[in-house]
1. Would you confirm, using the coordinates I've provided, whether L527 is assigned to a helix (DSSP H, G or I) and surrounded by 15 or more Cβ atoms within 10 Å (Cβ to Cβ)?
2. Can you tell me which residue within the range 638-663, out of those that are hydrophobic (A, V, I, L, M, F, W, C) and surrounded by fewer than 22 Cβ atoms within 10 Å (Cβ to Cβ), is farthest from the chain's Cα centre (by Cα)?
3. Looking at (1) closer than 26 Å to I449 by Cβ; (2) open to solvent by 60 Å² or more (accessible area, probe 1.4 Å), find the lone condition where F543 falls short.
4. Kindly indicate whether any position in the range 206-216 is of a type in the set (D, E, K, R), open to solvent by 80 Å² or more (accessible area, probe 1.4 Å) and within 30 Å of R603 (Cα to Cα).
5. Being within 30 Å of G649 (Cβ to Cβ), touching a Lys or Arg at 6+ places or on another chain (Cβ under 6 Å) and open to solvent by less than 40 Å² (accessible area, probe 1.4 Å) is the requirement here; does G631 meet it?
6. Given the criteria under 30 Å from A402 (Cα atoms) and either open to solvent by less than 20 Å² (accessible area, probe 1.4 Å) or not in a strand (DSSP E or B) (or both), does V288 qualify?
7. Output the residues belonging to the range 589-639 that are acidic (D, E), more than 28 Å from R305 (Cβ to Cβ) and not in a loop (DSSP other than H, G, I, E, B).
8. Given G635, G640, G626, which one is in contact with a Pro (Cβ under 6 Å, 6 or more places away or on another chain) and either of a type in the set (F, W, Y) or over 30 Å from V458 (Cβ atoms) (or both)?
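The values are calculated or read from the model by the stated rules, or taken from the named source; none is laboratory data. Please read these numbers as outputs of a predicted model, since none were measured by experiment. Virtual Cβ from ideal backbone geometry, glycine too; neighbours counted across all protein chains shown. These accessible areas exclude ligands, DNA and RNA; they are computed on the full protein's heavy atoms, side chains included. Shrake-Rupley method; radii C 1.70, N 1.55, O 1.52, S 1.80 Å.
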Amino acid sequence: MIELPSKADILEWVRENPGKASKRDIGRAFGIKGAARVPFKQLIREMQQSGELKKSGRRAYRGEGGLPPVGMIVVTGPSDDGDLMATPQAWEDETAPPRILITEKKGDPALGKGDRLLAKLIPSSTEDGAFEARLIKKIAASAKRALGVFRAEGSGGRLIPVDRKQDEMIIVDAGDAVDGELVEVETLPGPKYGLRRAQVAERLGDPGAARSVSLIAIHTHDIPNAFPNAVVEAGEKAKPVRGLKGREDLRDLPLVTIDPADARDHDDAVCALPDDDPANGGGWAVWVAIADVAHYVTPGSALDREARKRGNSTYFPDRVVPMLPEALSGDLCSLHEGVERPCIAVRLVLTPDGDLASHSFHRGMMRSPASLTYEQAQAAIDGQTDEVTGPLLEPVLKPLYAAYAAAASARDRRQPLALDLPERRIELSPEGVVTSVKYRERLAAHQLIEEFMILANVAAAETLERRKRAFLYRVHEEPNPLKMDALREQVEEAGFNLAKGQVLMTKHLNALLNAAAGTPEAELINLSVLRAQTQAYYSPDNFSHFGLALRSYAHFTSPIRRYADLVVHRALIAAHGWGKDGQSAEEEAMLKETAEHISSTERRSMLAERDTTDRYLSTYLSDQIGAEFEGRVSGIARFGLFVKLDETGADGLVPVSSLGSEYFRFDETRMALIGEKSGKTIMAGARARVRLKEATPLTGGLLFEVLEVEGFGKPTRAAGGRKGTPRRKLGQAKARKIKAAKKARRKGG
């Protein structure tokens, strides 16, 4: 009888011998001879067809998840520990690509993100499944990309970048691009000095088109926009969950969704019932049900890899770039009215005073009786019901608001940071043109949903801690002491106090905010407190949430649009033993890398959304050149001051050169510009009246001329006019005129 090695034995040998894994090498290693060769070749063929073995070069094999001994890799950048990491240039496995640490040696060229390398790949001796890469040859430096408007000149042209920080470029290869078109270019090697050279890589159409505004942000910030075919197909192949196998029946609970009128998905639903426990008389049982995205997006799948890559959905006034394809985000994972949907729900038990007494999680099936808007729910509570909210008022809405009143009292005792900064909303016509800019109204309905989502997130973190599962915390660390010292000086300048010499708590900042409420300085104080905060991020380690005044906090309530929430859902599934679609060992091992990545994608989306808002506002104001506006100084820099307009919230620059002939010194500690001779001081928060001089929709830039600043008055000499010309320059001009006149007389005489 012919004895063949097992598949497991073959895979283990291939992994241990990546440099000599040809069919002949494997056969020799296991002593395959004579008649055993035919069935051995058949076994290797079967393993290749099943994907367990993959060709690496002409003859060698590698196991699934493995790499050839020499291959092409792409530098991805430094890790948290400062190690330079890479990924395979080509990777077709269903599994995630292995981690590759670049081992640099003396004499290697400088390497940066995007560089392509030919490298020797050696299995790591310290980390299973990882590889070390040793440079053989740097193939090419990464070609940088830029976005801008193409201006044709001769056979080439120029690129006018959309990024205000970027210089113009010379276009040496325009392809079919036409003058005035929005294009993306790749920079070309060239001299260190002078304008960079580039070639057009992609044509994007008319930059003046209304829909180009968000498109510019998508390309500028490298936000993945189009889903790969495999991901779209995976979403379309997904089927609705039928039946209750492994799920609790929650279909009789009156779980309503309450969202913005323009919501593109519905991933959370709520209801409140009087607690039936006699020991908690007057208390509430609040249910928060969240779409069971983990059922459809399983670890390591094509859907999962793309969702992790995107990290989150990105929202623009005219479009959304979703984390999941439409078949899931807009349909199967969305809690539509009257449709059965799988969910993961938490039952929150609140005392009559609103404290969270207990909580429990359930994997179930729900059916929402109604999808409401914030305005609709609030109008019903205020006595203006409609045909939808009328029947829901007594059994659904009033209990929700009563439970929220209890939760709000507990929140007030906890004292999370209570910033009051209105959010602006850009309204577009069907063609995508800005019709108005308004501030969003904050209703009790908004606060109700927000508070219940916070409680659900707390419950998720506490449950996973209790069950000792690894997951991602939402972390917001305490403000930096240096920033707090600067804040203290700023608010003292405005006539307020922030206590010193004690452990900083949110209640101390809230006391400052309350003192400023209703005063002309309220907005300044709120902005200053916001700027003193650290940026929130994701981490597998708990450093608490300062802003919410919570010890443990996670994101659980938005798995359609945030990958962090999907990670928490999987941890809950694994912790409760609800199925095989929970957290995998590989996913758990990569939590640190995942946290770093999705924190980065979140910041990327925030910048893209902010840039888009700036461009829309610049477009909106571009036909009001010369108009005067009221605003407030929102920032100070060496080169000038920024003014935020009251009506639209648009920010624009007032160059320091336009403040007259006096030299202004920048005081970084006080965030002020101080006149060298007069001592006149311009500080953040001062009221200002400005005139719009320039609006550049392509970059989102606004340039103002200051007419009056609180505590400063009008500039004594406006830049650019005769009155604004310094006396020394006037003397020089007069001397030149006298000299020219004498010369003319000599010629004439």
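1. yes
2. My answer is V656.
3. Against the list (1) closer than 26 Å to I449 by Cβ; (2) open to solvent by 60 Å² or more (accessible area, probe 1.4 Å), F543 comes up short only on (1).
4. yes
5. Criteria met by G631.
6. yes
7. D614, E628, E630
8. Just a single option satisfies the conditions, and that option is G640.
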